[in-house]
Amino acid sequence: MDTDADARVAAGVTALSERSTERAGDEFTRAAWLSLADPRSDEELSPFADEDRGWVGEGLRWLVVAAVSYRVAGREARASRRGVEGIAVARDLQTTRSHPAQRACLDEFVADFRVAAGMDDADAAYRTAEDAYREAGDAVDDPRRLATTPLFRAATEPIQQVARGPANGEIAVEWDDLHGADPSDSGAFLARRAAYKRQRFPSLLARVVDAGRLAAPRGTTEYGNDSFRCPDCDSTDVNWIAGRTLCLRCSAPMARA
């Protein structure tokens, strides 16, 4: 079922494809607010519910992407406001979560907001998240399953989207990059998420800001589809995302060949 938030995400993706990055920030902000207010409209789920899936993460995701969009557009003040807003929301949500690993993931989001908004102390914030994950390890039976829940997926997607641009549209941040090698050590397995971001997210974002272009999220893809051709870069590699048919390489709208 499509929601109002889905429509705003689609509008944001369209804005990215049209190189209207500030407008994309506006649309992703609206998507975030709608998602935070009503994370599962079909279930009437409260954002303050202490549930084990973490559906509220989608709203936080789009706030991070909104901040990134404003940074790319050169709207530093608006990016900063999204960062402050996102940190406040994440901190508030921490008080409603009983599981320590979910609270650690919200610490991870706090650090992401600091990077996305160009704020100070991102390095320390990621280290706080690392420590929180290690301390939460004993409460996690299956870290691989936990890392696939909506809250944790939402926390991986902004860095993956940012990384696509410098990687010519490919997946540049993999599951194995973000997680430890030994799932039997739950704390270390999850702490790797924050450690990796601490090392990579600031430099990846700096490259995207310098380039002045943010890639669309990656959806369903197909290489060498001769039915489509990118009018900007001549690629026939397709990315279907949010109901849009975009170039996998540069995120421009594809034309029928």
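The values are calculated or read from the model by the stated rules, or taken from the named source; none is laboratory data. All values derive from a computational prediction rather than experimental measurement. Note that each Cβ is placed from the backbone with ideal geometry, even for glycine, and that neighbours are counted across all protein chains shown. Side chains included, ligands, DNA and RNA excluded: accessible areas come from the protein's heavy atoms. Shrake-Rupley method; radii C 1.70, N 1.55, O 1.52, S 1.80 Å.
Over all other residues within a Cβ to Cβ distance under 14 Å of residue 90, the charged ones net out to 0, with Lys and Arg as +1 and Asp and Glu as -1. Distant-in-sequence amide contacts of residue 228, defined by a placed amide H-H separation under 5 Å and a gap of 5 or more residues or a different chain, comprise 257. Computed about the Cα centre, the dipole magnitude for the chain is approximately 840 debye when only Lys and Arg (+1) and Asp and Glu (-1) carry charge, each at its Cβ. Averaging the sequence gap over all C-alpha pairs within less than 8 Å and six or more residues apart, then dividing by the number of residues, gives the stretch 152-214 a relative contact order of 34 percent. At a probe radius of 1.4 angstrom, the accessible area of the chain per residue rounds to 43 square angstrom.
Think of it as helices only: each DSSP H run of n ≥ 4 in the chain is worth -39500 (n - 2.57), and spread over all residues that comes to -18500 deg cm²/dmol at 222 nm.
Less than 5 angstrom separates the built amide H of residue 241 from those of 246, all sequence-distant by 5 or more or on a different chain.
Between 0 and 90 degrees, the angle of helix 100-116 with respect to the longest Cα principal axis of the chain falls at about 40 degrees. Which of 123, 237, 42 moves the most in a Gaussian network model of the chain with Cα springs under 10 Å? Fluctuation is largest for 42. Using a ≥ b ≥ c from the Cα gyration tensor of the chain (square roots of the eigenvalues), is it rounded, prolate or oblate, where a/c under 1.5 gives rounded and otherwise the larger of a/b and b/c decides, a/b for prolate? It comes out prolate by the Cα gyration axes. The angle separating the long axis of helix 186-211 from the principal Cα axis of greatest extent in the chain is about 30 degrees.
Using only alpha-carbon positions in the stretch 105-253, the gyration tensor eigenvalues give semi-axes of 32, 18, 11 Å once each is multiplied by 5 and square-rooted (largest first). Nearest 10 degrees, 0 to 90: what angle lies between the long axis of helix 57-72 and the longest principal axis of the chain (Cα atoms)? That works out to roughly 50 degrees.
Electrostatic bookkeeping for residue 57 treats Lys and Arg as +1 and Asp and Glu as -1; over the other residues with beta carbon under 10 Å from its beta carbon, the sum is +1.
Decide, for the stretch 30-150, between rounded, prolate and oblate: order the square roots of the alpha carbon gyration tensor eigenvalues as a ≥ b ≥ c, take rounded if a/c falls under 1.5, and otherwise choose prolate if a/b is larger than b/c, else oblate. The shape class here is oblate.
Tally up the carbon and sulfur contribution to the accessible surface of the stretch 4-218 as a whole percent, 1.4 Å probe, everything protein left in place. Using a 1.4 Å probe with all protein chains present, the stretch 4-218 comes out at 44 percent carbon and sulfur.
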